[in-house]
Amino acid sequence: MTLRSILKDKRRIVVKVGTSSLTHPKTGLMDLIKMERLVRELTDLHNQGKEVILVTSGAIAVGRKTIGMKERPAELAVKQACASIGQARLIMMYQKLFMEYNQIASQILMTKNTLVNEGNRENARNTFETLLSMGAIPIVNENDTISTYEIQFGDNDTLSAVVSALVQADLLILLSDIDGLFTDDPNRNPEAKFIEYVNQVDEHFERMAKGASSDVGTGGMATKINAARLATSAGADMIIANGADMSIIHRIMDGERIGTLFKANRTDDFYLIDYLDAPRI
Ligand code: GLU
């Protein structure tokens, strides 16, 4: 049994898509074909009897396009207003597409405050569990409209790992605009080598990760490595793969050797809050 071949037996799967995987690079407008394929892939996983959670970015990008703003907003209030407009649109589009397949979908918006307090964390976990038992695919994003610096995760790579840990998912798939982890930034260094498998996320890999190179999303390789540390310590396998073609989701599940696979290494005393830069309440 190889690690790739057991992926098909995973039962609870979190899939994260970044803004750059959902928009046309030239215009920044939504790539509806990709979105449609993503929804079809996720519904098909669900039809196989798996539990599926989607963590999606795109709120701010969609909001900013809706009001015709050219640059990424810098001011907090403007960012939050864009997120408020964009998140509603994003969910409307997802709902429309999921409905075509008669798939129940729901929305969960989180901040760090959803987690740091024991009671809140339990409540969030129960909500996820109940939604999954109802056969819904929860669609998760950060609550960008109200989250300020102190209570924000800051990027959806981290958020998706947090969600994986919270619900004890057994697989996290991060879809990005890069094929996986390389020994160096492949855009700048042609010698950079692809890494297919990571047994243990250690400092060596943390050093390897480079900063963000994407114009629309917020996560770079560094946030992905952090997400890998969190998700694998919580007991999930994690894969970073290229979301240019959303059919990669079923190819990963079929055990094809694509993307970088990080092996789960559950630590016995895993405590989610230790991984969040947040006070214990
Ligand atoms: N939550 C942000 C949004 O939906 C994106 C964060 C990220 O790309 O990591 O616009």
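The values are calculated or read from the model by the stated rules, or taken from the named source; none is laboratory data. Treat the numbers as computed from the prediction; the structure is a model and nothing was measured. Please note: Cβ atoms are built from the backbone with ideal geometry, for glycine as well, and neighbour counts cover all protein chains shown.
G49 - would you say it is farther than 15 Å from R89 by Cβ, within 15 Å of the chain's Cα centre (by Cα) and among the small types (G, A, S)? So G49 fails the test.
Answer yes if at least one residue in the range 124-140 is under 15 Å from the mean Cα position of the chain (by Cα) and within 18 Å of A61 (Cα to Cα), and no otherwise. Reasoning before the result, please.
Filtering the range 124-140 for residues under 15 Å from the mean Cα position of the chain (by Cα) gives 137-140.
Narrowing further to those that are within 18 Å of A61 (Cα to Cα): 139-140.
Scanning the range 124-140, I find at least one residue that is under 15 Å from the mean Cα position of the chain (by Cα) and within 18 Å of A61 (Cα to Cα), so the answer is yes.
All of D44, D31 fail the test of being within 16 Å of the ligand (Cβ to nearest atom), among the acidic types (D, E) and out of contact with any helix residue (DSSP H, G or I) (no Cβ under 6 Å at 6 or more places or on another chain), apart from D31. Can you find, within the range 47-94, the residue that is farthest from the ligand (Cβ to nearest atom) among those that are buried (at least 17 other Cβ atoms within 10 Å of the Cβ), more than 29 Å from A169 (Cα to Cα) and of a type in the set (D, E, K, R)? Among those residues, the one meeting the criterion is K65. You will find that of R257, R251, R229, the residue that is closer than 27 Å to D31 by Cα and in contact (Cβ under 8 Å) with a residue 40 or more places away in the chain is R257 and no other. Among the criteria (1) within 30 Å of T130 (Cα to Cα); (2) among the hydrophobic types (A, V, I, L, M, F, W, C); (3) surrounded by fewer than 24 Cβ atoms within 10 Å (Cβ to Cβ), the one V17 does not fulfil is (3). For S106, state whether it is among the small types (G, A, S) and farther than 30 Å from D44 by Cβ. Spelling it out, it is not the case that S106 is among the small types (G, A, S) and farther than 30 Å from D44 by Cβ. Among the residues of the range 92-116, those that are in a loop (DSSP other than H, G, I, E, B) and over 13 Å from L54 (Cβ atoms) comprise Y101, N102, T111, K112.
Looking only at residues of the range 158-175 that are of a type outside the set (A, V, I, L, M, F, W, C) and at pLDDT 95 or above, we find that the one that is farthest from V15 (Cα to Cα) is Q168. Can G119 be described as assigned to a loop (DSSP other than H, G, I, E, B) and either on the phi > 0 side of the Ramachandran plot or surrounded by fewer than 20 Cβ atoms within 10 Å (Cβ to Cβ) (or both)? No, not satisfied. Here the condition is being of a type in the set (S, T, N, Q), surrounded by 21 or more Cβ atoms within 10 Å (Cβ to Cβ) and in contact with a strand residue (DSSP E or B) (Cβ under 7 Å, 6 or more places away or on another chain); of T183, T232, T223, T158, it holds for T232 alone.
Checking the structure you have, find out if any residue of the range 22-41 is surrounded by fewer than 19 Cβ atoms within 10 Å (Cβ to Cβ), in a helix (DSSP H, G or I), at pLDDT 95 or above and not charged (D, E, K, R). Yes, the range 22-41 contains at least one residue that is surrounded by fewer than 19 Cβ atoms within 10 Å (Cβ to Cβ), in a helix (DSSP H, G or I), at pLDDT 95 or above and not charged (D, E, K, R).
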